[in-house]
Structure formats: C-alpha cells, structure tokens
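J.: Pasting in a structure now, in structure tokens, and then I'll have a few things to ask.
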Amino acid sequence: MDHAAVIEILDRDGHCRELHQVRSWPVRIGRSPDADLVLSDPHLAGVHALLHWAEDGPRLNLLDSQNGGWFDGQRVAAGESRLWTPQATVQLGTTRLRLRTALDPLAPERPLPRADEPMRRDARPAWALPGLLALWLLMLWLVNWSGSDASASWVDAVSGVLAPLGVALIWAGLWALVTQLFRHWFAFGAHLWRALVASVLLQAVDLALPLVAYAFSWPRLMALEGLTFTVCIAVLLWWHASVVWPRARRRLAFGIGAMALVGLALTVGRRTEQQHWLGPNYLSALPPPALRLVEPRPIDGFVDALQELEEPLKRQSLKRNEQEGGSGDDE
C-alpha cells in the first residue's frame, strides 16, 4: 500500500530548501526531464535512482550510474538498494535528500519566536496626520504671535511657521530613506507622525510650564524644561529607530536611554556654576497679570529679598573673575 510522502532537498546545514511531493509511486530520480524528481546536478545519471514502496516500507534502488550514492555517509554502489528511513540522509551526486512519509511521527508545532512575528506597520485614521499637522502649525503661529509686536512683518510670521515645518519634513524624509534601505518600506508618513507628536508635546510643554510657573510663583518648575526636552528627544529617537529595526527595540531603548542620561549629567555638570541646573533662571516673557493666581509680594519684601542676594552675587562675581584671570574687582 502506497502512502503520502515528500522528498526534502537539503542545504549544507541540513535545512530543507526545496520540497517535492510524491504524488505517485514509484518515483524516478535523476537529471532527465522524464524523471519524476528532476535534480540539476551534473554528477547524476539521467535516471539515477528509483524510489518505490516495498513491503517493509520505502526503498531506494540505485540504478546504473557512475557515482552511486551514500546513505548516512555509507557508500552504496549502483545496483544496490536500501530501506529509506526518516532519519536517513541520502546523497546522490552532490544533492542531499531526506524522505518524510505519512507514517512517520510528525514533530510537534514549535512556538513562533517574537523575532519571527510579522512586523506591524502603523495603522491610524486618515485624518490623524493632517489634523496633528494643523494643530502643530496653529501652535507655532500662536507662539510667534505672542512673542512679536505690531512692528513684525508678515514674512517673519510665515517664516516662523514654515521653517520648523521644513525641518520636520526633511527629518521624516531622512528616516524614511533609512527605513527604505533596511526594510524596503518608504515610511514617510510613519516618521512624520512621530516627529509631529514629539513637536506638539514639546510645544505644549514650552507653553504650559511658564504659565504654571508664573501663575503659582514656582520658578523652579522651569527646571523641568531641559529634562522634558532631553527625555522627549530620546524617546523620539527610539520611536524612529524602532520602525527601522523593530526586532532590536530593547537594545535601542537601552542604548538611547544611556546616552540621554549621559547628556543630562553633562548638562548639570556644565551648569554647576550657575544658580540653576536645567531650566532658565528667569522668564524672558511674562504672561498677562490676569493669569496670576497667587497674591503678589509687597514691594518692601521684594526689596529686602534683593538685598539678601547682594552677598551671594558678589561672591559669584569674584569667583568668576578669578576663573577668567581677571583682577578680582567686584564692580
């Protein structure tokens, strides 16, 4: 009785690189187009071997040929036959073969490694990217409008919006080219989305922090500005890189996070001589007084506080003059 079977053509490492399904018995193996399994091997005869189903199972007969064959490394001359078990590897010429039949036990299904899972591409509504782009441009316009006076020209207003937009488009285009190189996917929309999300968050923080610090008189809150910028840039770089190399997300997160920590440490070390570590020590523009939620300090108390700063500022001035090779005058 014949049974379903397949003949696997193996590579050097013993992995199946091609599969031939046995549709009828016997199976003629060789180089001839008349063979049932045609192998492109110059070391084979036209019909090199005959595989048939005998009483004891599948058996391979080596026909008239010059090179014969090998069963698990043992030489078999032309005219001999061997029982082909599922564990045996047959070599005819330079081609290695393995037989699997329906009677052989099937290996259990292996769990799919995470690295071999299909790489999911971004899925978002069609309106999400244009909507986020419009929101970011509106925020840029508001920032430029609030920081300008009546003498500003329309060219300055338009440049303040179009210049960051051009930078974002170039940034997304460069990342898309890298993705095309490694994944054969020009992911311009995916990278532009990431750049816009980071830009909107940074713009929101840039608007909200001074307002909250002014409203509640929390000047030290501005120290979060530098920290937020560094963290956001690090997350953005990881987000971009995870599109290009999705199977190395953990290693990318570790490497980019380490660089972000080193950058923060260098920033703090560079500012040890200043009165602040990360954020600015003053507000360059004050919000409207109506947004002030705390009681204003009396003028006399403000003047007394300034007098308390005289000695620390004098010591700071002397120290800076000494570092710069000055005369040490406290003018």
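The values are calculated or read from the model by the stated rules, or taken from the named source; none is laboratory data. Note that this is a predicted model, so its numbers are computed, not measured. Quick reminder, even Gly has a Cβ in these numbers, built from the backbone with ideal geometry, and neighbours come from all protein chains shown. The protein model used for the area step is the full one, side chains on, heavy atoms only, and it has no ligands, DNA or RNA in it. Shrake-Rupley method; radii C 1.70, N 1.55, O 1.52, S 1.80 Å.
J.: Tell me whether segment 105-128 contains one or more residues that are out of contact with any Cys (no Cβ under 8 Å at 6 or more places or on another chain), surrounded by 10 or more Cβ atoms within 10 Å (Cβ to Cβ) and at pLDDT 85 or above.
T.: Scanning segment 105-128, I find at least one residue that is out of contact with any Cys (no Cβ under 8 Å at 6 or more places or on another chain), surrounded by 10 or more Cβ atoms within 10 Å (Cβ to Cβ) and at pLDDT 85 or above, so the answer is yes.
J.: Might you check whether a residue that is open to solvent by 70 Å² or more (accessible area, probe 1.4 Å), modelled with pLDDT of 70 or more and of a type in the set (A, V, I, L, M) occurs anywhere in segment 271-286?
T.: Within segment 271-286, not a single residue is open to solvent by 70 Å² or more (accessible area, probe 1.4 Å), modelled with pLDDT of 70 or more and of a type in the set (A, V, I, L, M).
J.: Something else about it: Answer yes if at least one residue in segment 17-24 is farther than 20 Å from Thr89 by Cβ and modelled with pLDDT under 90, and no otherwise.
T.: Yes; the residues of segment 17-24 include at least one that is farther than 20 Å from Thr89 by Cβ and modelled with pLDDT under 90.
J.: Name the single residue that is farthest from the chain's Cα centre (by Cα) among those in segment 83-103 being assigned to a loop (DSSP other than H, G, I, E, B) and closer than 15 Å to Val22 by Cα.
T.: So in segment 83-103, the residues assigned to a loop (DSSP other than H, G, I, E, B) come out as 84-88, 93-94, 102-103.
With closer than 15 Å to Val22 by Cα added as a condition, the list becomes 84, 86, 102-103.
Values: Trp84: 48, Pro86: 42, Ala102: 43, Leu103: 45 Å.
Here the answer is Trp84.
J.: Tell me, please, whether a residue that is modelled with pLDDT under 90 and over 29 Å from Ala265 (Cβ atoms) can be found in segment 231-241.
T.: no
J.: Out of the residues in segment 38-82 that are in contact (Cβ under 8 Å) with a residue 24 or more places away in the chain and open to solvent by 70 Å² or more (accessible area, probe 1.4 Å), which is farthest from the chain's Cα centre (by Cα)?
T.: Asp56
J.: Can you tell me which of (1) part of a strand (DSSP E or B); (2) within 17 Å of Gln87 (Cα to Cα) is the one Gly14 doesn't meet?
T.: Failed condition: (1).
J.: Looking only at residues in segment 177-220 that are open to solvent by less than 60 Å² (accessible area, probe 1.4 Å) and among the basic types (Lys, Arg), which one is modelled with the highest pLDDT?
T.: Keep residues of segment 177-220 that are open to solvent by less than 60 Å² (accessible area, probe 1.4 Å), which gives 178-179, 183, 185, 187, 189-200, 202-205, 208-210, 212-215, 217.
In the following step, the residues that additionally are among the basic types (Lys, Arg) were identified as 183, 194.
Working: Arg183: 85, Arg194: 93.
Per the criteria, the residue is Arg194.
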